[in-house]
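Participant: Could you have a look at this structure, given as structure tokens, before my questions?
Derivation of every value follows stated rules applied to the coordinates shown; laboratory data play no part. Please read these numbers as outputs of a predicted model, since none were measured by experiment. All Cβ positions, even for glycine, are placed from backbone atoms using ideal geometry, and neighbour counts span all protein chains on display.
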Amino acid sequence: MRGGGRMSREIASCHIEHYPDLMTCFQGQTNRREREEYRRFLYRAIKTQLTHRQTQVMLLYYFEGKNITEIAQELGLNKSTISRTLRRSLNRLTDLARLYFEIK
């Protein structure tokens, strides 16, 4: 499937705890209640604020544990495209998190 195909994977809310690497944008926050709020925020943001390709790459990388080369092969894209997409996704989530938690 090329990047434009319909995504068959979904982020199940039961997998919210699998965000350890994404949680780095909240460094210094160790309160359990706050971490749970951050996880819920990330779950919603990934599902609603990222492009289709960004969501797809996030699912494959963070939830299925695939590396950039494997994702590139699966989606029929260059490794540089996958790396750039992942970086932009994380930047977007970090920006959204800063805005969301600053306003709250």
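Participant: Can you list the helices (runs of 4 or more DSSP H) found entirely within the range 49-104 that contain at least 2 residues being in contact (Cβ under 8 Å) with a residue 40 or more places away in the chain and of a type outside the set (D, E, K, R)?
Facilitator: Hits in the range 49-104: 52-58, 79-103.
Participant: Please find, within the range 49-104, the residue that is surrounded by the most Cβ atoms within 10 Å (Cβ to Cβ) out of those that are within 20 Å of residue 35 (Cβ to Cβ) and either in contact with a Gly (Cβ under 9 Å, 6 or more places away or on another chain) or among the aromatic types (Phe, Trp, Tyr) (or both).
Facilitator: By that ranking, first place goes to 62.
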